[in-house]
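As structure tokens, the structure follows; a few thoughts come after it.
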Amino acid sequence: MNNRISSRLLAPAISLLLVLTAPTLAQAHVGIGNASGFLNGLAHPVLGLDHLCAMLAVGLWAAQRGGRAIWLVPVTFLAVMAAGGVLGVMAISTAYVETGIAASVLILGVLVAAAVRLPLVASVLIVGLFALLHGHAHGSEMPATASGVLYGLGFMATTAMLQLCGVGIGVLARRYDVPQFVRYAGGAIAACGMMMWLV
């Protein structure tokens, strides 16, 4: 009985700890580090809390939704993010990028925490909108050179891996019948999104 209670409290405790220790990182798109070269591109998504949270949330939400969403939602995010990156490199203006990035973390976290099941088209449209903003922000930092292209490829690779991690966690949670773990993670992500609004 005690083991059961402690395992039920573990996930919310970890989520709360992550939220409380992350406020200094909780800024919507801070432009961390050099934006050129493949290795910098690989590292960048895990250094910015905004992108890290959003990508994990996309994967978690896709896994919660199940079916074709497991692959279609993350692939849509990657494709539209690449298009947004091109717009950023070309210096084509997009409104509310920073605000939208903070909103993406908050909204995706809430969708996961509440285990919201929207129609597939609506899910794809939501992640597509957020992907455009994330891509534009990162594309606007990249130089329009070969090193910028390599950076973009590295960035996309790590983004895909983060989404796969989210999908994997969601699939395992369903397999072992602990869906609340995913919902607690969504709550922690939403809390980070809220801090991004306030910082």
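The values are calculated or read from the model by the stated rules, or taken from the named source; none is laboratory data. The model shown is predicted, which means the values in this text are computed figures rather than measured ones. Every residue, glycine among them, receives a Cβ derived from its backbone with ideal geometry; neighbour counts consider all protein chains shown.
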G128 vs. criteria closer than 13 Å to A63 by Cα, touching a residue at least 40 places away in the same chain (Cβ under 8 Å), outside any loop (DSSP other than H, G, I, E, B) and of a type outside the set (S, T, Y): no
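V58: in a helix (DSSP H, G or I) and farther than 19 Å from V105 by Cα, yes or no?
Against the criterion (in a helix (DSSP H, G or I) and farther than 19 Å from V105 by Cα), V58 does not qualify.
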Residues of segment 46-62 satisfying the condition of being surrounded by fewer than 24 Cβ atoms within 10 Å (Cβ to Cβ) and in contact with a helix residue (DSSP H, G or I) (Cβ under 7 Å, 6 or more places away or on another chain): V46, L52
Residue identified as surrounded by fewer than 20 Cβ atoms within 10 Å (Cβ to Cβ), under 21 Å from F77 (Cα atoms), within 14 Å of the chain's Cα centre (by Cα) and touching a residue at least 60 places away in the same chain (Cβ under 8 Å) among A115, A160: A160
When residues of segment 69-102 are limited to those that are in contact (Cβ under 8 Å) with a residue 24 or more places away in the chain and hydroxyl-bearing (S, T, Y), the one nearest to C192 (Cα to Cα): T99
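Return the residues of segment 119-157 that are of a type in the set (S, T, N, Q) and either over 17 Å from A102 (Cβ atoms) or crowded, with 24+ Cβ neighbours inside 10 Å (or both); say none if nothing qualifies.
Correct list: S123, T145, S147.
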Residue that is under 22 Å from L125 (Cβ atoms) and either of a type outside the set (F, W, Y) or at pLDDT below 95 (or both), where the choices are A35, A11, A91, A113: A113
